[in-house]
Amino acid sequence: MSNEGRKNKPVSFNISDEHDLPLLNHAEQTNPLTGKPRNVSKYVKRLIEEDMKRLPQSKFRIDRNEPIIIEETYSSETKEAMNSFI
């Protein structure tokens with residue numbers, strides 16, 4: 001297949017990083033239906049497509065260094081219980 005008309009965006013995984021390695025292992029899994037290695041490019045495109053379908057005004061922002069807490073949805077008892085874990 002020719003690369004004409006295509007734009008490649010490489011993704012790198014640090015195999016020494018405890019966060020990156022499981023992501024790489026997951027991306028490289030064998031497709032259980034076909035027995036063939038997963039097409040990582042197609043997989044990433046599907047993830048991007050799913051992300052685009054989400055509401056653009058979503059109030060959820062994921063930062064891997066911060067816990068996800070949406071205060072207005074929890075009762076005072078639940079907040080108190082959660083504080084013992086944080």
Query raised in the report: Carbon and sulfur: what percent of segment 14-55's accessible surface (1.4 Å probe)?
Result: 55
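Using a 10 Å cut-off on Cβ atoms, rank the peptides 3-13, 20-30 from the highest mean neighbour count down. Present the calculation step by step, with values, prior to reporting the outcome.
Values: 3-13: 7.0, 20-30: 12.2.
The peptides rank, most packed first, as 20-30, 3-13.
The values are calculated or read from the model by the stated rules, or taken from the named source; none is laboratory data. Remember, it's a predicted structure, so these values are computed and weren't measured experimentally. In this analysis, Cβ positions are derived from the backbone assuming ideal geometry, glycine residues included, and neighbour counts consider all displayed protein chains. Just so you know, the surface numbers come from the protein's heavy atoms only, side chains and all, with ligands and any DNA or RNA stripped out. Shrake-Rupley method; radii C 1.70, N 1.55, O 1.52, S 1.80 Å.
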